[in-house]
Every structure is written in C-alpha cells, then in structure tokens.
Amino acid sequence: MTSRLFGRPLAAWTGAAIFAALLFCASALTAQPVSLRLGGMELSGEAVGYDGTYLRVMTPGGEVTIDLRGADCEGPGCPGADWIATLRLSGTPRLGEVILPALVEGYARSRGFSADRTEGAEGAVYTLRDAETGAGFLSVAFTVKPTEEGFEDLLARRADGVMAARVPTAAEVAAAEAAGLGALDGPGRVRVLALDGLVPVVAPGQAARRLTLAQLAGILGGTIRRWEELGGTGPITLHLAAENAGQVEGIARRLGVGMVAAAVSHDGVDSVSAAVAADPGGLALVPLGETGFAVPLALEGACGIVMAPRPGAIRTEDYPLSTPLMLFLPERRQAVPIRDFLAWLPSPEAQLVLRRAGVLGLSAVPIPLAEQGERLAAAIAAAGEGTSLADLQDMVGFLRDKTRLSPTFRFEEGQIALDPVSRSQFLALVAAIREGEHAGRALWLVGFSDGLGSAPRNVALSEARAEALAASILAALGGEIPEGTGLNVAAFGEALPLACDDTALGRALNRRVELWAGPPG
C-alpha cells in the first residue's frame, strides 16, 4: 500500500515537507525510540506525542505525524494498551498551583469522574478515571516555574502547553515558529482562562498614597529609587513573589520597562504582602484581595483620572494593571479527552470555580450606566476644545437605555488586529450570538479613541475599529446574524477616556470597542 501523510505520498517526503507537517498536537509521550514501517518504507526517530490515532515522531529531518492505523510500530516509544491521553502544562505558579488544579477537579466533578492527585517533583499530577470502571483516560501534569521557563519547556518538547501570566515576547514567538510549533500569538493558540488585577501596596506608615503610571514605571525600571520623589521618605525597596513574577513582568513591559529592577524575592504573594507591611520603604504589586496588612495605593493619571482596581474594571481591562492568565497551545492535534476538558473551560461551572479561586472569568457581566459615574465624571472634567458638554449629553442620551457588557475589545499597538484577550472575547461573543444568548436585544459595538489628533479624526478612527469588528463577527457567523439579535455600530471618539494620554498604556486603554446591549429595534 501507499501510506500518506496529510495527502502527501510517503515516498515524496523531503526535509522541508517533514518540517511543515507539524500542524496538529498529540498528547505527550516520554521521548523514546521508535521504528515505523509503512508499506515498503521505514522511519525511525523518537516518539514525542500521541493522540490515540496519530503519533508524532522527531526525526533527523524534523517532526512528522504518522497515522498508526496504517503503520507497524516497534520500540519503547510505541504507545501500549495502557496509554492514556496526557497534557503537560508548564509555567506560572499563579495558574499551576491553585487555579488550573481547581479547574481539573471541577471538570471531574461536573462530569462524574474521579480525580486522583499525586505530587510530582515540580507540581501536581492528576489522573482522571471513569467512576464505575476505575479506568484512567486523562493525565494532567503541572510543572510550576516562571513563565519564560514554561516557553522554554514547550520549545524543548517537555511541555504540551504554557501557563502564562503574560503574552509571549517577539523572540519567544519567533523561536516557536522556527521550532515548527506555529504562531503562538495566532488565532486559536491562546486561551485566556481568567483575568487578574494587581495592586501596588506599601507599608501602613508610608506617606505616599497615590502613584501615576509613569511613576510606577520608574519604580519598576529602577529610575525612581527614593520615596522623596513621590511624597514620602527613604529608599524604595521593591518586593517580588515568584508566584506572580510573570504578571509583574507583563505589567512592566506594557509600561515600557524592559527589565524589572532588583527586588527582594519571596516564594508566595502572602509573604510579599507581609514583608511590605513591615517594611517602611517597601512596595510590591500583588493580586487584588491578597493585600494582607499592606496598604493599597491608588493609581492616578497626570490629568487627574483615578483608576481603581474594582472587579468590573478588571473584567473590562479598563484598570491598567489587569493581567490575563492564559494557556498557550501550539498547532497540534489534541486527544479527545483533552479537547473535552479545554471545551469545558468557558462553561458556567468553570466560571464558578474561577470565582472561588479568587480570579475573574470571561463570562459577560452587565455594567449598568448608573454604576459608571466615575468615568462619566472624568469625561465631564476632561471636556473642552475637542469634546463639548453637548457631545457628552448626546453620548449619555444614546447610552441611557442600554447596559454595558464586560467584554471589551482592544487592539495590538498601531494595528487593527485584536490583542490576545480580545481575541478570546471575540470567540466567546460569536459563540454566544450563535447559541441565542443575546436573542431579543440589540448589541452595540461602541468605539472610543485616545485624545491624540483632532476630535473628528478620532471619531472616524473609533468608528472604523467598531465597523471592522462588526464585519469580523458577521463573517464568523457565516454572513448572517441570527433572527432576533441586532448588531449595530456607534462611535464617540475621545469622549469617554479611561486613562490619561500621557503614557502609551493610557492611550491603549482608551482605544477600545465596548459591547453594549439595548432593546431591540
């Protein structure tokens, strides 16, 4: 017979074709030698993954994927009768120590499976079993380490996915593509599991009570080293927990800081909060709700806008220190038990698990106009040459009978492409529309901009982004909106700023498309 690999005869394989063949993901195997015979052809290498049908083999020419139903397999790397699907996840302790283990346990409960937990050398290992037969069918193994080391494990085939508290760097994306893992920042490669928010905290006796984003960037980058520059006294001591170091690194990068300054290192967030509370010059960034006896600092822009870490502002990412907690999965075929687990993650049961774990999920939450007084007050205070009070009255009149929903869409720097969190929100919104969750009401994509440039230009830019997003939603739905659901576009430019425009991060927060829901018609 003639064996084929994704439509290409085995005899026609070349080094380039073999390298290009890695398009799908298999469950992990420990890399061990295998020899495969397909018709009159033989192939040898190390087995690096299997999904129940397809075996991934690392050969001298690259990685190939073989359908074992048409092949004879010999060697210790061949999957045996006791094979079960395995998902190895490596990366940030913020996900690997509590949140994802809780999700695995929640998934097992919701499906009536048993979940056996053992402690591995670098993290927990779960085996999910059929409750009646006791047969294992899925293993999820966690390796807890900094985010950058999680990406290194993925490149080295020691992990099937990365638990990340930040988006990959350009170098990490390039390395993954060069290794045949596809574009880590491409569509479908990132799954945003939850949203977290960091809060700057200080000791109770510290005189400074507010920071601007520029000042926070100076502290993280080491250019501001004394509290005298911020209204306090003494040297600044930065404290950092290994548990959320990736989150702090991600915030620093968004603030334009290439590398976080030297800091006192701690194992956990609780010890960081306690150390800062006892250190008159201490400062740290800790998750909302884990401040302990340390005192949170308000974030205030140079224009006077105060940015508070409220749950609603974290869900919408209007709060500048919101951080997504993500899974990065390369372009590989996944075994059915793994696909089922990943498909469960956006479910209401999973969202409840996330809430109990102290983070916020991606489910759409209503935010009535009556609860948005602070940002309306900031808009009125900022009204002037570009946006008049009459413009604000028109905007409020338009929004009065509508409710904002938490999904908010933001864009890559200088692009119309959505950022990773927004891509996840986009897919969730498309699914919700398709399943009829918004039937009986009109959805509005409302565009806003930063304040750079003229007011008419900014209205046009914000409208263009909203229209592009609406067109993408329509295309994803096959060209038709389900009957009973409306999809409309509006734009108000710079009329409703969330942050000051004096930093790149502030401008990025202001460039957004919000989702609002109103009565049909």
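Throughout, read-outs are computed from the coordinates displayed, never taken from laboratory work. Here the structure is a predicted model, which means the values were calculated and not measured. Positions of Cβ are generated from backbone atoms using ideal geometry, with glycine treated the same way; all protein chains shown enter the neighbour counts.
Provide the net charge surrounding LEU469, with neighbours chosen by a C-beta distance below 14 Å and charges set as Lys +1, Arg +1, Asp -1, Glu -1.
Charge balance near LEU469 sits at 0.
Using Cα centres only, tell me the gap between the range 138-166 and the range 424-477 in whole Å.
The distance from the Cα centre of the range 138-166 to that of the range 424-477 comes to 34 Å.
How much mean residue ellipticity at 222 nm does the chain get from its helices, if each DSSP H run of length 4 or more adds -39500 (n - 2.57) and you divide by all residues, to the nearest 500 deg cm²/dmol?
Only helices count here, giving -8500 deg cm²/dmol.
For ALA31, what charge total do you get from the other residues with a beta carbon under 14 Å from its beta carbon, if Lys and Arg give +1 and Asp and Glu give -1?
Net local charge, ALA31 excluded: 0.
Taking 0.36 nm per intervening residue step and subtracting the Cα-Cα distance, what contour gain separates ALA504 from ARG356 on full extension?
Roughly 49.9 nm would be gained on extension.
Within a 10 angstrom radius of the beta carbon, how do THR92, THR403 rank from fewest other beta carbons to most?
Listing THR92, THR403 from fewest to most nearby Cβ atoms yields THR403, THR92.
Output the DSSP H helices from the chain with an along-axis C-alpha extent of no less than 30 Å and a mean Kyte-Doolittle hydropathy no less than -1.0.
Qualifying helices: 455-476.
Roughly speaking, what is the stretch gain from MET41 to ARG226, that is 0.36 nm per residue apart minus the C-alpha to C-alpha distance, in nm to one decimal?
Extra length from MET41 to ARG226 when fully extended: 59.6 nm.
In the range 442-492, which GluC sites (Glu not before Pro) are in a loop and have at most 13 other Cβ atoms within 10 Å, using DSSP for the loop call?
Of the GluC sites (Glu not before Pro), the ones in loops of the range 442-492 whose Cβ has at most 13 other Cβ atoms within 10 Å are GLU480, GLU483.
Of (i) 47, 27, 22; (ii) 43, 29, 21; (iii) 38, 26, 20, which is the value of semi-axes √(5λ) of the Cα gyration tensor in Å derived from the coordinates here?
Here the calculated entry is (ii).
Counting alpha carbon pairs within less than 8 Å and at least 6 residues apart, what relative contact order, in whole percent, applies to the chain?
Contact order relative to length: 13 percent.
Give a quick list of GluC sites (Glu not before Pro) in the range 357-399 that DSSP marks as loop, anything other than H, G, I, E or B, with at most 14 other Cβ atoms within 10 Å.
Counting only loop positions with at most 14 other Cβ atoms within 10 Å, the GluC sites (Glu not before Pro) in the range 357-399 are GLU385.
Between ALA439 and GLU122, how many nm apart are label points set 7 Å from Cα along the C-beta direction?
4.8 nm
Return, ordered by residue number, the residues of the range 81-104 whose backbone nitrogen is under 14 Å from a label point located 7 Å along Cα→Cβ of ARG111.
84-87, 103-104
What net charge is computed for the residues neighbouring ALA183, neighbours being all others with C-beta under 9 Å from the C-beta of ALA183, Lys and Arg scored +1, Asp and Glu -1?
Cβ neighbours under 9 Å give a net charge of -2.
For the pair PHE398 and PHE293, what calculated FRET efficiency results from E = 1/(1 + (r/R0)^6), where r is the Cβ-Cβ distance and R0 = 60 Å, to the nearest 0.05?
Efficiency, rounded to the nearest 0.05: 0.85.
Please report how far the C-alpha centroid of the range 348-373 lies from that of the range 275-308, rounded to the nearest whole angstrom.
Spelled out, the Cα-based centre of one part sits 23 Å from the other.
What nm value, rounded to one decimal, do you get for the distance between ASP82 and VAL98 when each label is placed 7 Å out toward the C-beta?
The modelled label-to-label distance comes out at 3.6 nm.
If amide hydrogens are placed 1.01 Å from N in the peptide plane, which non-local residues have theirs closer than 5 Å to the one on LYS145?
The list, which skips near neighbours in sequence, is GLY91, THR92.
Quickly rank 241-253, 389-401, 301-313, 42-54 as a protection proxy: mean count of other C-beta atoms within 10 Å, highest first.
Descending packing order for the listed peptides: 241-253, 42-54, 301-313, 389-401.
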